Structure formats: structure tokens, C-alpha cells
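The next block holds one structure in the form of C-alpha cells; read it before the comments.
The values are calculated or read from the model by the stated rules, or taken from the named source; none is laboratory data. Computed from a predicted structure; not experimentally measured. Cβ: placed from backbone, ideal geometry, glycine included. Neighbour counts: every protein chain shown.
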């Protein structure tokens, strides 16, 4: 359905990030951006998707969404579907066939965390190492009779020998008609994940199968509405947690888990490169959670292993951690703790915090920020929603002040912010500890999300960080990161062997197979493989289990690859190579940040729009959209954007840069 010439005639790209509370949209003509925020509709995320699209069309002056679609070349969409399915355990009824003797450990050393969480123990069946067609089909029949909706086959040693898995799949396809089997897909573990460890391969296949259905339903429903109801002929892509995006039909559900927050980290990495910053840590605070990441040398820091909701995977992934601190996070007195309890519950977009005045009675972090003057009640979401201060005070008094015998709602609100900062600090410290590091003055803190810029400087003080970077489009930063991305596919071969045991011809042959897979996928998406670029990486584990990634020249048979490989061998010797990773990158229409010349007064007096009491003292309030390159603001101050507010405490200095983002530095830091 794709028009290959669409980007030559179309003007706009659209990027949408569906979060837990709000859905963010970035509509770009390549140079400028229009941002949109709407409430997320968790019962059906296509509802908030089209609400966001329709609002964007209206803001851009189109009479209808159909008219905007005629001028749009790319829509990139990141959602929380797979994350929510895993967190809430709402996936389909699963079945699994494993090698005899491993039905309880699923090839791990102990009991498997997937059992009785995403798959019932009764639906895990074992088969001998040698089996007949009849035995295999009887097991499948038994699973189908139990109401299983997806079946995974993951046999011991299938990384080296996939013939047995493939045989079962073929027997099933021969035995059952398409209309029956199609309703109960059979997934072969080796097709989903090429990994030598049976536990990782099995867990990966199970998670992918568990989350695929709900994701596919949402994505294909949206695609049908765009194509048939709104005549969209561009590229509809899904955002990936491996970087970039791809067509829906080529996306693995696993690669979309936490895709929005990870895309925000990749967006941060692009800005770190623009600003030539070697060490960056990221703070993303939205309506439900606060998320942390770390960037070194313009690349997100990866961990050697990861886990999704307690399920271990021996696969590298971007370091992303979170705590339950967001605008809608519920706060209340806790008799057992004899103090304040923050989260993990959240009010979501509806009924939302008490100050939304939509019926919510619970106190939240947003209510406390409003009471302290950090939020303008008349400028929430660009003035689309007016916040009710009286309702906020009532909720804080009922749930916090009176139970804890505090003097006032403002005193309680200060306590809430202070305890929130405690949890944010602890979360950051724990994140750094995972890489045997600690935050400090050699790092710059990037802050974004709807609430990130309110907490950034206060948190930086606790972390010993002297420089904070905030962004013009910080409230929609993950969608902004998506708008700067390309079509990307990742192919991995998990080697799990010593460098010295990998022969040059093995390296060359593996690369050839990866490039062939990339070319086939790009052709399947109707992109020209000859116009793609490739990057090749190798992950190694050095002494002390230090995880490192090296970039290599690309191209099968290239002498540069073998030279680079020899150099790694000479420098690192007998260490373990974990994985070989090929990324194919096809450049598409995207937003390119433009720089603005320095203009106007250095002191930003012309941007002042009034004064407001913040905490206990009056501070000037400035309007972000009036600020220009070079403008300086001395704290304390508030800077109000359309969808977020930036707090500059006393002792900090704001300077707007050439991209109309801002650096906030601590005096003497």
C-alpha cells in the first residue's frame, strides 16, 4: 500500500508516542514542529492515536485528517501495548513444548519466572529427544484442547540443530488446515531468537508470542483506518527499542517493549553528539513514571544482560531504569511506615489528579506541584485544561496533611516533593551502580518529559551534577527522538565463544547471511536495499566482566573487517565475544534541528510575563517561546512553555542556545 514516491511530494512526518497517561504527537515539515498532547485511552490506544492525529491536522490548518494524510510521508508510532501486556499479564493463553526433563526449569538452573505468570504450568508439555510425528501431534492436540491460543516450540540445543523444531512445525502445517492453525499460531523458538542458551531463546520466544497478538491487533487496526478511511499512502512505521523504526509486518513484539522511553534515550544521544558531550545521564518524568538512562560518547550505555518484568534474557539492551514518580503518582499517609507513601499507583489520565476536577479524590504529585506554585493552573497543556487549586488542597489535606498532622497543604506538598526527590536520587544512584559508576560533576543531566524540567536542577544538586540541559520540545521528547530516526533493522548472532575461536571465514559467512536478511526485509518493506547503509558491531566481555562494544567496517569480504578483527584480537586476546550485530539503516524523511543566530538582549527581560509565589517566595515567570539564542535568566525563575514548565532555582543560571534549548548551570559549578 506504500507509495514509493511519497516523500518527494509530501511535506509532513508525524511521530506519536503513546504513554501511560498522555499521548504525545510531533508534526514536522522537516524544519519546524507542531506538538500535540491528548489523554491516553488504555482501553483502545487507536482512539488516542486518532485523537492526536485529528488535533494535529486542526492545528496545522487542515480541514480534515484525510487532507493532512495526503501531505504526509511518514508516521512513526511508539506505544505501551507490549509493556502493558507484560505488566498486567493480559496476553493470550500460551502453550509450550520443550525437551523432556526441562518442563520446570525451561533450561535454566532453577525454576523459571515465566511459569504461572505468562504461561500456566499445565500448558508446558515435554517431548523426548527422539520423537515421532504422532507423538508431536498428540502434544499439540492436547494443548489445543486446553484452549491454548499460541504454541511455542523450543527444544534443547536448537541453536546448533534446528531440524527437530522445524520438523514439528512442518508436521503441524501438513496436518492442520490454514483456517484452524491460523487461529492458533505455532512459533519456533529458533525463528524468533538466534541464541545458544536454551533459557534465553525460550524466554524470548515466549515473551514475543505472548505480546504479539495484542500489539498486532492495535497496529493493523490503525493501519487499516489510515489507509482505507483516510487515504494514507505513506510509510506507517513502529518505533523499536533497538533504535529506529520499521514497517509493522517486520516488527517483533519484543522489540517494541519500552520503545518510547528508549527512543527518548536515543534522541538524547543525538543531542549529546550535537553538543559534543561525552557523559550524559537522562531524566524522563511523565505522568506515571520517571525513567533514567546513561549515555557515553554519544551512545546509550548497554547492559550485557537484561530482564523484562523479572524474566531474564542473556541479551544486550539499552540501560533503562524507572521509579514510580510521575505527575499522576498517588501519594498518601502510610500508617505502617508512619510517614508518606509515594506510588506505585497512578491515577492515569482519567480521572487524573484531584486538580483535574474530573472526580479524582486521591492526592498526587501534580496536586503538590500546583499548590507550591510550580504549575500555572491556567496554562496546563497549553491552556486546554484549567486546574482546580481548591480540589488539590482538599485532596492533599485529606490524604496527607491531616493523617500526618502537618500544619498545612503547602507543608505537605513540600514534603511530597522532597520525598519524590529522595526516590529519584536513589533510582539514579542504583542505575549508575549497575555500571560500577556514580553521578557527579563530569555528567550533564538531560531532563525532559512533562515534569522532567521541574525536578531537574533540584535533583542535580543532590547528585552533585552542575549542568542541566532542557529542551524546547522537552514535553514531547520521545516523539521528537522518533522524528529524527530512520528505518532500522538489527540482526544478531550470539557467538558466546572466545575471540580466538572465531575464524575469519566464519565471521565473513555470518555477515553475508545477515546482509542477505537485511536486503530481504528492506525489499519486503519496499525500500531499496542498495540505498541502505550498514553498521557492524561486536560485543566482548573483558576481564572483570566489563562489557564493551566495538564498531567494525562493513561489507562481506572486506579486508578492513579482517584487519579490524586482528586488531581486536591483538589488543584483547583471549576474551569472550558475546554477539555480532549488524544494523541496516535506510534514511527517510525526518526532522533536522535548525540553529538560530544570536539575536536580541542577553538578559531575557522581554520574556517576563509576571510573577508567582513558588515554595514561599515570589519568582519571575518568563515565556519560553519569546526566548532567543543567548538569552540569560538568573534563578530563581520559572519558564513556561506550552506543555511544560522549567524551574530554575536560586544559584542556577539559564542560557538559551542556538537550537533554542537551554543549558542551566549551577554558579561556581
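So, residue 26, is that one crowded, with 21+ Cβ neighbours inside 10 Å and not assigned by TED's automatic domain parsing to the domain that holds residue 184 or not?
yes
This table checks each residue for (1) surrounded by fewer than 22 Cβ atoms within 10 Å (Cβ to Cβ); (2) in contact with a helix residue (DSSP H, G or I) (Cβ under 8 Å, 6 or more places away or on another chain); (3) within 23 Å of residue 292 (Cβ to Cβ).
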| residue | (1), (2), (3) |
| --- | --- |
| 331 | no, yes, yes |
| 357 | yes, yes, no |
| 376 | yes, no, no |
| 382 | yes, no, no |
| 387 | no, yes, no |
| 392 | no, yes, no |
| 398 | yes, no, no |
| 420 | no, yes, yes |
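Just the residues that are out of contact with any helix residue (DSSP H, G or I) (no Cβ under 6 Å at 6 or more places or on another chain) and closer than 30 Å to residue 141 by Cα, please, taken from the range 43-86.
86
Please state which of the following conditions residue 628 fails to meet, knowing it meets all the rest: (1) assigned to a loop (DSSP other than H, G, I, E, B); (2) within 27 Å of the chain's Cα centre (by Cα); (3) within 21 Å of residue 599 (Cβ to Cβ).
Single failed check for residue 628: (2).
Based on what the data block shows, is residue 382 outside the structural domain of residue 40 (by TED's automatic domain parsing) and modelled with pLDDT under 95?
Taking the combined requirement at face value, the residue satisfies it.
Quick one: which residue in 583, 567, 609 is within 30 Å of residue 434 (Cα to Cα), at pLDDT 85 or above and not in a loop (DSSP other than H, G, I, E, B)?
583
Only one of these conditions is not met by residue 497: (1) surrounded by fewer than 19 Cβ atoms within 10 Å (Cβ to Cβ); (2) not in a strand (DSSP E or B). Which number is it?
Single failed check for residue 497: (2).
Conditions tested, residue by residue: (1) touching a residue at least 60 places away in the same chain (Cβ under 8 Å); (2) under 23 Å from residue 300 (Cα atoms); (3) outside the structural domain of residue 24 (by TED's automatic domain parsing); (4) surrounded by fewer than 24 Cβ atoms within 10 Å (Cβ to Cβ).
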residue: 169; (1), (2), (3), (4): no, no, yes, yes
residue: 185; (1), (2), (3), (4): no, no, yes, yes
residue: 191; (1), (2), (3), (4): no, no, yes, yes
residue: 235; (1), (2), (3), (4): yes, no, no, no
residue: 240; (1), (2), (3), (4): yes, yes, no, no
residue: 252; (1), (2), (3), (4): yes, yes, no, yes
residue: 261; (1), (2), (3), (4): yes, yes, yes, no
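Among the residues that make up the range 483-491, is at least one of them touching a strand residue (DSSP E or B) at 6+ places or on another chain (Cβ under 9 Å) and over 30 Å from residue 445 (Cα atoms)?
Checked the range 483-491: at least one residue is touching a strand residue (DSSP E or B) at 6+ places or on another chain (Cβ under 9 Å) and over 30 Å from residue 445 (Cα atoms).
Can you tell me which residue within the range 512-564, out of those that are at pLDDT below 75 and at positive phi, is nearest to the chain's Cα centre (by Cα)?
545
Could you pull out every one of the strands (runs of 3 or more DSSP E) wholly within the range 228-304 that has 3 or more residues that are more than 17 Å from residue 467 (Cα to Cα) and in contact with a helix residue (DSSP H, G or I) (Cβ under 8 Å, 6 or more places away or on another chain)?
235-239, 245-247
Scan the range 425-448 for residues that are surrounded by 22 or more Cβ atoms within 10 Å (Cβ to Cβ) and within 27 Å of residue 333 (Cα to Cα) and jot them down.
The one that is surrounded by 22 or more Cβ atoms within 10 Å (Cβ to Cβ) and within 27 Å of residue 333 (Cα to Cα): 428.
Restricting to the range 145-154, count the residues that are surrounded by 17 or more Cβ atoms within 10 Å (Cβ to Cβ) and without any contact (Cβ under 8 Å) to a residue 60 or more places away in the chain.
The number of residues fulfilling the criteria is 5.
Which residues, taken from the range 200-214, are under 27 Å from residue 73 (Cα atoms) and either at pLDDT 90 or above or surrounded by 22 or more Cβ atoms within 10 Å (Cβ to Cβ) (or both)?
Once the filter is applied, which keeps residues that are under 27 Å from residue 73 (Cα atoms) and either at pLDDT 90 or above or surrounded by 22 or more Cβ atoms within 10 Å (Cβ to Cβ) (or both), the range 200-214 yields only 212.
Out of curiosity, is residue 157 touching a residue at least 60 places away in the same chain (Cβ under 8 Å) and surrounded by fewer than 19 Cβ atoms within 10 Å (Cβ to Cβ)?
The answer is no for residue 157.
I'm trying to understand the selection: among the residues of the range 484-494, which are in contact with a helix residue (DSSP H, G or I) (Cβ under 9 Å, 6 or more places away or on another chain) and assigned to a strand (DSSP E or B)?
The answer is 487, 489, 490, 491, 492, 493, 494.
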